[in-house]
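The structure under discussion appears below in the form of structure tokens.
Each reported figure results from applying straightforward, stated rules to the coordinates on display, with no laboratory input. All values derive from a computational prediction rather than experimental measurement. Note that we place each Cβ from the backbone using ideal geometry, even for glycine, and neighbour counts take in every protein chain shown.
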Amino acid sequence: MSRIGRMPIAIPAGVTVDVAENNKVTVKGPKGTLERVLPSEMEIKVEGDTIVVSRPNDLKKMKSLHGLTRTLINNMVVGVTAGFEKKLEVNGVGYRAAKQGKQLNLSLGYSHPVLMDDPAGIETEVQAGAQNQSIIIVKGIDKEKVGQFAAEIRDKRRPEPYKGKGIKYVDETIRRKVGKTGKK
């Protein structure tokens, strides 16, 4: 049996979980509301202050959906209570990030500034980090959207392996390469 899928999900105080037909799960909490239609094969039961996910049989597809369904529901519960955030670091001489209202203004060595609007439900913040670096914090209640927007920001200028210039996740390590050597 799936070790992750078998674990019950605790519902914290102030959070309500509704399971409608076709496994449409709605989670309401202090930070907002999330809705998602989950695989109809899974059986989702709300028992008191826990949620239990069970599967109909032991086919390979059902086993994989079991753990996925449980994790998606857990992420929704965590999202409406604590929320999610990703931190990105802007490295490089002249590379800067600034916030203008609901827009993120990135100077990344191109001939033009890169402007990105915050998607619905996502909030970005810019902090000054150590050694002339900017730190961009992407926050929201939907883990998938937070991760997607952080990846889109990173794609505007990925870190290069020689000097490490670009936008990287704070916990990411860049595999560095040795540059050219002179002729002898």
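Helix-only arithmetic for the chain: the sum of -39500 (n - 2.57) across DSSP H runs with n ≥ 4, divided by the residue total, places the mean residue ellipticity at 222 nm at -6500 deg cm²/dmol. Peptide packing for 172-179, 149-156 was compared via the average number of neighbouring C-beta atoms within 10 Å per residue; ordered from the highest value, the list is 149-156, 172-179. When the Cα positions of F149, I122, V90 are compared along the charge dipole of region 84-169, V90 comes out farthest toward the positive end, with charges on each C-beta of Lys, Arg, Asp and Glu.
Given just the C-alpha atoms of region 3-81, how large is their convex hull per residue in cubic angstrom? Given the Cα convex hull of region 3-81, per-residue volume reads 74 Å³.
Sorting 80-92, 21-33 by average packing, meaning the other beta carbons within 10 Å per residue, from highest down gives 80-92, 21-33. Pairs of Lys residues in region 3-81, spaced 8 or more positions apart or belonging to different chains, with C-alpha separations under 24 angstrom: 9 in total. Partner lysines whose Cα lies under 21 Å from the Cα of K165, excluding those fewer than 8 positions away in the same chain, are identified as K86, K87, K99, K156, K177, K180.
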